[in-house]
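These notes are about the structure you will find just below.
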Amino acid sequence: DTAVSQTPKYLVTQMGNDKSIKCEQNLGHDTMYWYKQDSKKFLKIMFSYNNKELIINETVPNRFSPKSPDKAHLNLHINSLELGDSAVYFCASSQEPGRGGEKLFFGSGTQLSVL
Amino acid sequence: GQQVMQIPQYQHVQEGEDFTTYCNSSTTLSNIQWYKQRPGGHPVFLIQLVKSGEVKKQKRLTFQFGEAKKNSSLHITATQTTDVGTYFCAGPGGQNFVFGPGTRLSVLP
């Protein structure tokens, strides 16, 4: 069983559309994340979320919104897609940060191309 | 805010040569982690260092955590083509992990 799974793997869409990326983890982790990786391979945190708190990177446009129906899922919704949103988006999960010993488990990524 | 830097950005080596990447944080870290991302793949956890001056080995990979817990290094002895990828260090930053920009390693056969 895949520990962190995200779908779709590839997403090609037109500017202005709204799209969603789904993520599920079966590790029983408390915390999930969305990272954006640009063409230069920089990994930037977008959101971290556990059952208590959503932390948003202030640089993330409000067109991006995480939705968590339950502890095992953290989906990413993107409204009014722009060309600059093209990137690889990684979902990840871990035990709650700050307790020590946590490590990130990443999904296989979603390559988003906005035309 | 916390910044994590890595050098070099790119490294091209001949198979069999050694490779080292260095990681520096603007703040003291409680721990540091290293990840490897193969081309077209996702980051995969390699190791975590916690103690000041700690050294850990995984086969041909040697990881060090600085005495001041602000820097770290990853050294690969006698690189192989399977070592190709981007190596990231990451440190805890609030409720998430802050990644360095990565070092992209190419190994020429």
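Odds and ends about this structure:
- Between the listed residues A:62, A:21, A:8, the Cα displaced farthest toward the positive end of the dipole of region A:4-114, a dipole computed from Cβ unit charges relative to the Cα centre, is found at A:8.
- Region B:1-101: trypsin sites (Lys or Arg not before Pro) falling in loop per DSSP and having at most 14 other Cβ within 10 Å: B:51, B:59, B:60
- Charges were assigned to the Cβ only: +1 to each Lys and Arg, -1 to each Asp and Glu. The resulting dipole of chain B about its Cα centre is roughly 260 debye.
- Rounded to two decimals, the Cα-based Rg/Rh of chain B, with Kirkwood Rh, is 0.96.
- Per residue, the convex hull spanned by the alpha carbons of the protein assembly as shown comes to 123 Å³.
- Taking amide H positions as modeled 1.01 Å from N, with prolines and chain starts lacking one, the residues under 5 Å from residue B:98 and 5 or more places away or on another chain are B:91, B:93.
- Protein-only accessible surface order, largest first, of A:45, A:78, A:56 at 1.4 Å: A:56, A:45, A:78
- Pairs over the 24 Å Cα-Cα cut-off, from the set A:44/B:57; A:103/B:36; A:36/B:36; A:44/A:67; A:44/B:70: A:44/B:57.
The values are calculated or read from the model by the stated rules, or taken from the named source; none is laboratory data. The shown structure was predicted, so the numbers you read here are calculated from the model rather than taken from an experiment. Cβ sites come from the backbone with ideal geometry, for glycine too, and all protein chains shown count toward neighbours. These accessible areas exclude ligands, DNA and RNA; they are computed on the full protein's heavy atoms, side chains included. Shrake-Rupley method; radii C 1.70, N 1.55, O 1.52, S 1.80 Å.
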